[in-house]
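Colleague: Below is one structure. I have some questions about it.
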Amino acid sequence: VKGNNSGVKDRRSIEHHQELQYQLYWLCGRRCQSVNKMLFYSFFKTLVGKEVAIELKNDVVLTGTLHSVDQYLNVKLTDVQVVNKEQYPQLVPLRNCFIRGSVVRYIQIAPGDVDTELLQDATRKENAPPSSKNKT
């Protein structure tokens, strides 16, 4: 029985890790470095037209199609739906919205929409020592 429980915990841990792998978290505002912000900006531009879920810092969760993103990580969503309609009935009629980047807690995207190799390569390039950046 003890071995079965640890197997379940390990599987849950792996599933949780995989889920988190596809959720991109970032800090907006003064704590976010401009290099990292540009990396995320470039990445999110590739997701335009894809379905995303955005959780705001006030716990509102909106889903919709990513219409655009700017260098400040502000986003525009179309076909917006509120996840918790009972708690936020005033947001139900909302169809399109602009969300300021500094109020976003995280953006969740579908696993199939993530090109992990491209993201890893871009991250490596951004974090390469200065001498390596000049060579490429």
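The values are calculated or read from the model by the stated rules, or taken from the named source; none is laboratory data. Only a predicted model underlies this, so the values are computations on that prediction, with no experimental measurement involved. We place every Cβ from the backbone using ideal geometry, glycine too, and count neighbours over all the protein chains shown. Each accessible area value is taken on the protein alone, full model and side chains, heavy atoms only, with ligands, DNA and RNA left out. Shrake-Rupley method; radii C 1.70, N 1.55, O 1.52, S 1.80 Å.
Colleague: Return the only residue of L62, L47 being in contact with a helix residue (DSSP H, G or I) (Cβ under 8 Å, 6 or more places away or on another chain), at pLDDT 90 or above and over 30 Å from A128 (Cβ atoms).
Modeller: After ruling out the rest, the residue left standing is L62.
Colleague: For segment 110-121, which positions are in a helix (DSSP H, G or I), surrounded by fewer than 16 Cβ atoms within 10 Å (Cβ to Cβ) and of a type in the set (A, V, I, L, M)?
Modeller: L118
Colleague: Just need a number here: residues in segment 63-99 that are closer than 25 Å to M38 by Cβ and either acidic (D, E) or in a strand (DSSP E or B) (or both).
Modeller: Residues in segment 63-99 being closer than 25 Å to M38 by Cβ and either acidic (D, E) or in a strand (DSSP E or B) (or both): 14 in total.
Colleague: Consider R12 carefully, then state whether it is open to solvent by 50 Å² or more (accessible area, probe 1.4 Å), modelled with pLDDT under 50, part of a helix (DSSP H, G or I) and more than 23 Å from Q120 (Cα to Cα).
Modeller: In short, no.
Colleague: Follow-up question, since we're still on this one. Out of all the residues in segment 100-109, which are open to solvent by 80 Å² or more (accessible area, probe 1.4 Å) and in a strand (DSSP E or B)? Reasoning before the result, please.
Modeller: Taking segment 100-109 as the starting set, the residues that turn out to be open to solvent by 80 Å² or more (accessible area, probe 1.4 Å) are 100, 105.
Within segment 100-109, R105 is the sole residue that qualifies.
Colleague: What is the number of the single condition among (1) free of Cβ contacts under 8 Å to residues at least 24 places away in the same chain; (2) surrounded by 12 or more Cβ atoms within 10 Å (Cβ to Cβ) that P130 does not meet?
Modeller: Result: P130 passes all but (2).
Colleague: Another one. Taking segment 53-83 only, how many residues are on the phi < 0 side of the Ramachandran plot, open to solvent by 60 Å² or more (accessible area, probe 1.4 Å) and not β-branched (V, I, T)?
Modeller: Qualifying residue count, segment 53-83: 7.
Colleague: Which one is modelled with the highest pLDDT, of the residues in segment 26-41 that are farther than 17 Å from T65 by Cα and within 13 Å of the chain's Cα centre (by Cα)?
Modeller: Of segment 26-41, the ones farther than 17 Å from T65 by Cα are 26-40.
Add one more test, that the residue is within 13 Å of the chain's Cα centre (by Cα), and what stays is 26-28, 37, 39-40.
Details: W26: 38, L27: 35, C28: 38, K37: 64, L39: 76, F40: 80.
So, considering only residues that are farther than 17 Å from T65 by Cα and within 13 Å of the chain's Cα centre (by Cα), the one modelled with the highest pLDDT is F40.
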